[in-house]
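Notes follow once the structure below has been shown.
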Amino acid sequence: MSQSAVHRTIDAIWRIESAKLIAGLARMVRDVGLAEDLAQDALIIALEKWPESGIPDNPGAWLMTAAKRRAIDMIRRSKLRDQKYEEFGRGAVLYTEEDIHIGMDGEVGDDLLRLIFTTCHPALSQEARVALTLRLLGGLTTDEIAHAYLVAESTIAQRIVRAKRTLSSLRVGFEVPVGDELKERLTTVLEVIYLMFNEGYTATSGGSWFRPLLCQEALRLGRILAEIAPGEPEVHGLVALMEIQSSRFKTRVNGAGEPILLMDQNRGLWDQLLIRRGLTALERAQKLGRPLGPYALQAAITACHAKARMASETDWARIAALYEALSRVMPSPIVELNRAVAIAMAFGPAFGLQIVDELTSAASLKDYHLLPSVRGDLLVKLGRMDEARIEFERAASLTRNARERELLLNRAAECLSIEASTAKKFHEK
């Protein structure tokens, strides 16, 4: 394997293992910023050694062992109290593969969940909580987080640095809160898990259309939250949303890894168990008797798709109504863009295009690739191929996901081909 191929493999491993690594280290050193530094040190060691020695059989265990050794060295160098050193040393047995699986599975006291609640501490601003948690748990770069929030990368970087300093200075406990404190942090925790899932569902950048392992981790954390906060409808709403969307994984790409859009997917291959779990979670949210929040409303939208045996049977009028309700509880240009798609499907592309055209002046969507992508799709349906081609080409220039770029350029090429064919028939007449 070439050195560049090894580095790509290491990058993929890091995205999978970094959250577990940082969470486990944070529990030991009680400092989120220091835990990330130790994890990064382990990554650097891997980048130095693995190209020569090869990728270990259990890279997660290898990285944890390397990071724990660095932690022990750090404590020695800093000459902490003998008692503190002995206390840490007693728990510093090197991880085995079995330890990794046992330590990272299932319980409510799960390190990853503790890390989410630590980074969502009320001492931090809402924006800082989300940015820090996505960085540490989602494995997202500051650039990817900035793209998700449509803000400058430097802004995200500053938020993360300040957040880590604040947590360190306050010596925030590494634990899952209870009672009122749990409710206080729950909104941000839900947002972080939602964004983790979204990044996995459609990767911001890279060569893969989606990152199923990140989706699975977000879903697992959501299920744990539903156990410790069963009276919160939005927790069940988010779980329902993730369960139903996860049901489509087998049909979202073809054998070559190319994206398959929702309306073209083979619904017979959707995972019916996950759909049933999702519908049950949505029912739990509805039975709690409170108005549906943004996650439950989005779950209701995905449920409309899940219940339609064929794409042509989709209840687009209901979906449009649900997006209207969503726009009231979570107003945003992106929600409006999705509402435009639903209206176009229910009542015709001209109605959807009218809404999309109004959104072109929204500053936050200036570099959002799905705006020209949606506009291009509506223009195709209206037979305006030349304009559609321009929109797809613009969308391709804005996305940083290689698979999505390829899809959009193919759509632009199709528009050009149809346009040429139409012109040829016209001249033949």
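Only the coordinates and a few stated rules stand behind these numbers; no lab work does. Because the structure is a prediction, the values reported are computed rather than measured. Using ideal geometry, Cβ is built from the backbone for each residue, glycine included, and neighbour counts are taken over all protein chains shown.
Run the numbers on the stretch 294-429 and let me know its relative contact order in percent, using alpha-carbon pairs under 8 Å that are six or more apart.
15 percent
Percent of Cα-Cα pairs per 20 Å bin, from 0 to the last occupied bin, for the chain, please list those.
P(r) for the chain, in whole percents per bin: 23, 54, 21, 3, 0.
Can you give the alpha-carbon Rg of the stretch 191-259 over 2.2 N^0.38 Å, where N counts its residues?
Here the Cα radius of gyration is 1.17 times the empirical estimate.
Taking Cα atoms, how many degrees apart are the long axis of helix 294-307 and the longest axis of the chain, rounded to 10 and kept between 0 and 90?
60 degrees
For the stretch 365-429, max minus min Cα coordinate along each principal axis, in Å, sorted largest first?
Projected onto the principal axes, the Cα atoms of the stretch 365-429 cover 43, 20, 14 Å.
Have a look at S361, S397, S246 and tell me which one the Gaussian network model of the chain (Cα, springs below 10 Å) gives the largest fluctuation.
Among S361, S397, S246, the largest mean-square fluctuation in the Gaussian network model of the chain belongs to S361.
Check the straight Cα-Cα distances from K68 and name the aspartates and glutamates below 16 Å, setting aside those fewer than 8 residues away within the same chain.
E17, D31, E36, D37, D41, E86, E87, E97, D99, D111
For the stretch 111-202, what size does the Cα cloud have along each of its three principal axes, sorted from largest down, in whole Å?
Sorted from largest, the Cα extents of the stretch 111-202 read 34, 29, 20 Å.
Using only the alpha-carbon atoms, how far is helix 153-170 inclined from the longest principal axis of the chain? Give it as 0 to 90 degrees, nearest 10.
Approximately 30 degrees, to the nearest 10.
Provide Rg and Dmax in Å for the stretch 327-399, with only Cα atoms included in the calculation.
Over the stretch 327-399's Cα set, Rg and Dmax evaluate to 11.7, 37 Å.
Helix-only estimate, please: 222 nm mean residue ellipticity of the chain, summing -39500 (n - 2.57) across DSSP H runs of length 4 or more and dividing by its residues, to the nearest 500.
-24000 deg cm²/dmol
Have a look at E153, E127, E181 and tell me which one the Gaussian network model of the chain (Cα, springs below 10 Å) gives the largest fluctuation.
E181
What residue among L219, L279, L150 has the largest mean-square fluctuation in a Gaussian network model of the chain, using Cα springs under 10 Å?
Maximum fluctuation in the GNM of the chain, among the listed residues, is at L150.
Which Rg and Dmax, in Å, describe the Cα atoms of the stretch 160-222?
Cα radius of gyration and Dmax of the stretch 160-222 are 14.8, 43 Å respectively.
Work from the charge dipole of the chain (Cβ charges, +1 for Lys and Arg, -1 for Asp and Glu, about the Cα centre) and give the residue of I16, T166, L47 farthest towards its positive end.
T166
Return M310, M74 ranked ascending by Cβ neighbour count within 10 Å, so the fewest neighbours appear first.
The most exposed by this proxy come first: M310, M74.
Return one number: the angle in degrees, 0 to 90 and rounded to the nearest 10, between the long axis of the Cα atoms of helix 333-347 and the longest principal axis of the Cα atoms of the chain.
That helix lies at roughly 40 degrees to the long axis.
Using all Cα-Cα distances in the stretch 1-71, what percent lands in each 10 angstrom bin from 0 up to the longest?
Spelled out bin by bin, the stretch 1-71 gives 22, 54, 21, 3 percent.
Can you list, bin by bin at 10 Å, the percent of alpha carbon pairs in the stretch 298-428, starting at 0?
The distribution over the stretch 298-428 is 13, 36, 36, 13, 2, 0, given as percents.
Can you tell me the alpha carbon radius of gyration of the stretch 258-346 divided by the globular rule-of-thumb value 2.2 N^0.38 Å?
1.12
For the stretch 111-202, calculate the relative contact order in percent as a whole number, restricting contacts to Cα pairs under 8 Å that are 6 or more residues apart.
Taking the mean separation of contacting Cα pairs over the length of the stretch 111-202, I get 40 percent.
Pairs K287/K307; K20/K164; K250/K366: which are spaced more than 24 Å apart, C-alpha to C-alpha?
Pairs exceeding 24 Å: K250/K366.
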